[in-house]
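Everything on this sheet refers to the single structure shown next.
Read-outs throughout are calculated quantities, based only on the coordinates presented, and are distinct from any laboratory measurement. Model, not experiment: these values are computed from the prediction. Here Cβ is always computed from backbone atoms with ideal geometry, including for glycine, and neighbour counts include all displayed protein chains.
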Amino acid sequence: MPRVIGYADPLSVAPGEPIRFMVGTLDGPRRYRAEVVRLVCGDTGPGGPGLKTVRLPTSIEGEHDGTPQLIDAGSYAIVEHPEAFGALGRFTLQAFIQPTLVPVRPSPRRQVVMGTWAEDRGSGFALMLDETGALAFLIGAAPVSTGTPLTARRWYHVAASIDLAAGTVTLRQTPLADHAPSLEQPVAITTAIRAAPGPAGDFFIGAARKAVEDGRLRTTWHFNGKIDRPSLLAGEHPIGLWDFAADVATDRVTDRSPNHLHGRTVNAPKRAVTGHNWDGSEMDWRRAPHQYGAIHFHDDDLYDAGWRPTLTMTVPTDARSGVYALRLEADGGPEFWVVFYVRPPRGGPRARAAFLASTATYLCYSNYRMRMRPGPAELFIGALPIVDTTDLLLMHHPALGASTYDTHSDGSGVCHVSRLRPIVNVRPTGRLWNLFLDLCLLDWLEAHEQRYDVITDDDLHTEGLPLLDGYSVVLTGCHPEYVSREMMEALAAYLGRGGRLMYMGGNGFYWRVSYPRAHPGMIEMRRAEDGTRAWVESVGEYYHGSTGEYGGLWRRQGRAPNTLVGVGFVAQGFDRSSYYRRTAASRDPRARFIFDGVQDEVLGDFGVAWGGAAGLELDAFNPALGSPPWALVVASSEDHSNAFQLVNEEINVSFAGADGRFSPAVRADMVFYEHPGGGAVFSTGSIAYVGSLAHKGYDNNISRLTLNVLRRFLDPAPFAMP
Amino acid sequence: MFAIDPRRTDLALEFKRRPFGPHSPELQAVLNVLRGSLHCQNLLLVCTRPHAEWMLAEKQPDGRPPRLRPDLTFTSLEAAEWHAFRVRWEAVTGQALPALDRE
């Protein structure tokens, strides 16, 4: 495994601008080497071009001393007003809670609901669940417990009433009426306590203070589950009445008491979640905020690792636009790649073609653990899952967080991902997927001496159409799956103004994502309603907390990918890729330019992406979903394996024979259409496509037809509508 | 429920010759059983030398790292698939596969 890791900020940078790298070593201090390179091609192996990088001389190249940097994963809320919690004599802590991991596995531990407990000081107090999952109160050395474990995913009202003068605590755990039958009864105990809370400290909801190390707060005993309306009363007087239904899109926690003990969330717990009183009458948190008064905390949430910058540099003013990486290497482990993007100079010269790096998709896949966890992955892959030792890093360092394909330790889906942490799987090695596969396209552009700029989803989301203005053609990556409204609208506007779009992949423009303003560098996505989903969003939680947007498929929101690129996702399989066969429509004079010099009927029966150009994830033409009726399907794939199955959003009633051996609907359609704005769209409909471009020294039918399209799309002559 | 007929070693041979599809419907049925059984869902490959060597590993519950099997390394993905097939066939049918195809 790598012995040195890191991340960059910002992700996309222009020549002449600074970039910071946060680097940390693993298993103790050690020397490491750093070098900045431009990535041209990934390590495709003996059947492809192989790894190609171009060194960029910089001030940070060379050997450095490295030290470990900590990650404090786990979300919580903190109220940094210690003076308010130091003189409590008779007080009550109470909340509605829905624990989701009882007990914690594999090692049972405490889970704090709220309090001031500081583990390093051995002082404070906490309302919590003990190791068995029973409600407990901790003050002094040993907690007092009801001895009755709570049930995971049931709502309870819990309270601890403390009278330090009398030396008593009363604990109450009361199961709420629910739709599911239960034999649970309320539990209440009163018992003696013999301790004072000690020095005042910050008030935590969902965790406890562990220590301060290296100048940073460390936390422990994170709560897994929902907390709703936590409050602290002194006698009858409120000290804090925290309202999680307020300021949902932010990290603010509002105190409704007269004391204004406002706090903030840390590590981006999930907000806009159903509360204890959600009755199903509303699905949108904005329309019934009183039913959405909870926050779902996880012990493995992570927003910003917060590492110290260790290497900083200014991108040379003559650096060409491209995909770059800080290559880190320490003795005893493989290299680690910290990928970043150099965009064209702001206001300066540009190429006429732009590669739109799918940074939203890369991030949604970042730190993908699913293949390493038990489950039926092999059934939909059609082969054994494969990882490498860099991927294994995730399982040995769980604090690195997960991808949106994974579930939290409590089984709930990961709907927040952040680039402000080391990411192990955005690199030119490992699994041939996303950026690694996209580099096959950049390598092909280089081989044909086609100039290009690299811009990113993040740039497009922020800047919109002006980022695209001036480009004759925009090429997507092989799998631009995750798209924000801003990105979608910018691309549609670009086409409306005569732009040309080459959609070089499959399963694109599929899920809606948002970029939370309160959490720069993070993406929110909710796997709502339908679609090919690694997990299913909780009922009632389909609306994004950060923007209020309805989550899920663009297809379910009137903007199927077909409306933009003429095709949409229909099937996937991962054991073997196939080929396309030309259609009669490919002889249409409108498509003649595509096949100039291409004699073959079978296209792309070769390639580094599992042996063919049509594979992995496939898109098909469908006017019912918005594919332009005048579009030409110039080639379609065939002969897919049993592993390729129709996706569930293509199936209303389950039926047999929905795999690639039986169903003609399992196919990739290669589509061309002229846009009314004067531009045009070319879509490959397959993720594997770009893996065929380099075959036979870049001289093959896929390469030839793609070059034909690119050259025509660079030609300013407008396309006439048929 | 469909059960694998351990006498159908012809299907095992079909898999050995072409581990990555398409498969005949009968072989696919066998694979559905072998890959779908709960006790057969724990295998993965860890690439130890890019494009050259893979080590079998067993997935673990509760987020724990996979258990590596240094005694089971392969120089081709086909060989790794065949090993997994044989092990699972025996686990599910109770009968070891005989030598096939002059192996």
task: Could you please let me know if B:GLU58 is surrounded by 16 or more Cβ atoms within 10 Å (Cβ to Cβ), within 30 Å of A:PRO46 (Cα to Cα) and more than 12 Å from the chain's Cα centre (by Cα)?
output: no
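For the condition in contact with an Asp or Glu (Cβ under 6 Å, 6 or more places away or on another chain) and of a type in the set (A, V, I, L, M), what is the one hit in A:ALA207, A:ALA211, A:ALA192?
A:ALA211
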- request: Among the residues of segment B:61-82, write down those that are over 25 Å from A:ASP43 (Cβ atoms) and either of a type in the set (Ser, Thr, Tyr) or within 10 Å of chain A (Cβ to nearest Cβ) (or both).
  value: B:PRO61, B:ASP62, B:GLY63, B:ARG64
- prompt: Which members of segment A:44-59 meet the condition of being crowded, with 19+ Cβ neighbours inside 10 Å and within 14 Å of another protein chain (Cβ to nearest Cβ)?
  reply: A:THR44, A:GLY48, A:PRO49
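Under the condition of being assigned to a strand (DSSP E or B) and touching a Leu at 6+ places or on another chain (Cβ under 6 Å), which residue from segment A:235-258 is surrounded by the most Cβ atoms within 10 Å (Cβ to Cβ)?
Once the filter is applied, the top-ranked residue is A:GLY240.
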- request: Please indicate, with yes or no, whether at least one residue in segment B:50-60 is within 22 Å of A:GLY611 (Cβ to Cβ), acidic (Asp, Glu) and more than 7 Å from chain A (Cβ to nearest Cβ).
  value: yes
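Among A:PRO398, A:PRO334, A:PRO349, which is more than 14 Å from chain B (Cβ to nearest Cβ) and either farther than 30 Å from A:ASN224 by Cβ or under 18 Å from the mean Cα position of the chain (by Cα) (or both)?
One residue alone meets the criteria, A:PRO349.
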query: Out of all the residues in segment A:615-631, is one or more within 14 Å of chain B (Cβ to nearest Cβ) and farther than 22 Å from A:GLU674 by Cα?
result: yes
- prompt: Across segment A:390-408, which residue is nearest to A:SER366 (Cα to Cα) among those that are surrounded by fewer than 21 Cβ atoms within 10 Å (Cβ to Cβ) and among the polar types (S, T, N, Q)?
  reply: A:SER403
query: Filtering segment A:402-427 down to residues that are more than 12 Å from chain B (Cβ to nearest Cβ) and of a type in the set (Gly, Ala, Ser), which residue is farthest from B:PRO66 (Cα to Cα)?
result: A:SER418
message: Show the residue pairs meeting these rules: Cβ distance below 8 Å; 6+ apart or different chains; first residue within segment B:12-23 and within 9 Å of chain A (Cβ to nearest Cβ) and without any contact (Cβ under 8 Å) to a residue 40 or more places away in the chain; second residue crowded, with 17+ Cβ neighbours inside 10 Å and of a type in the set (A, V, I, L, M, F, W, C).
response: B:GLY21/A:ALA643; B:HIS23/B:PHE15; B:HIS23/B:LEU31
task: Please enumerate the residues belonging to segment B:87-103 that are touching a residue at least 40 places away in the same chain (Cβ under 8 Å) and away from every other protein chain (no Cβ under 13 Å).
output: B:TRP89, B:ALA91, B:VAL92, B:THR93, B:GLY94, B:GLN95, B:LEU97, B:PRO98, B:LEU100, B:ASP101, B:GLU103
field: Output for segment B:24-49, where each listed residue is more than 7 Å from chain A (Cβ to nearest Cβ) and free of Cβ contacts under 8 Å to residues at least 12 places away in the same chain
entry: B:PRO25, B:LEU38, B:ARG49
- request: Give just the number: which of (1) closer than 24 Å to A:TYR550 by Cβ; (2) surrounded by fewer than 16 Cβ atoms within 10 Å (Cβ to Cβ) does A:GLY275 not satisfy?
  value: (2)
- prompt: So how many residues does segment A:151-188 have that are small (Gly, Ala, Ser) and more than 22 Å from A:GLU236 (Cβ to Cβ)?
  reply: 4
statement: For segment A:519-538, the count of residues that are free of Cβ contacts under 8 Å to residues at least 24 places away in the same chain and under 28 Å from A:GLY375 (Cα atoms) equals 1
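Restricting attention to segment A:371-391, report how many residues are facing chain B (nearest Cβ under 7 Å), in contact (Cβ under 8 Å) with a residue 40 or more places away in the chain and either over 20 Å from the mean Cα position of the chain (by Cα) or at positive phi (or both).
Looking only at that region, the number is 5.
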message: Show me the helices (runs of 4 or more DSSP H) found entirely inside segment A:333-422 where at least 1 residues are touching a Phe, Trp or Tyr at 6+ places or on another chain (Cβ under 6 Å).
response: A:359-364, A:377-381
statement: Residues in segment A:177-197 that are small (Gly, Ala, Ser) and under 42 Å from the mean Cα position of the chain (by Cα) total 3
task: Collect the residues in segment A:301-331 that are hydroxyl-bearing (Ser, Thr, Tyr) and under 23 Å from the mean Cα position of the chain (by Cα), keeping them in residue-number order.
output: A:TYR303, A:TYR324
- prompt: Any residue at all in segment A:654-662 that is touching a residue at least 24 places away in the same chain (Cβ under 8 Å) and either surrounded by fewer than 18 Cβ atoms within 10 Å (Cβ to Cβ) or away from chain B (no Cβ under 14 Å) (or both)?
  reply: no
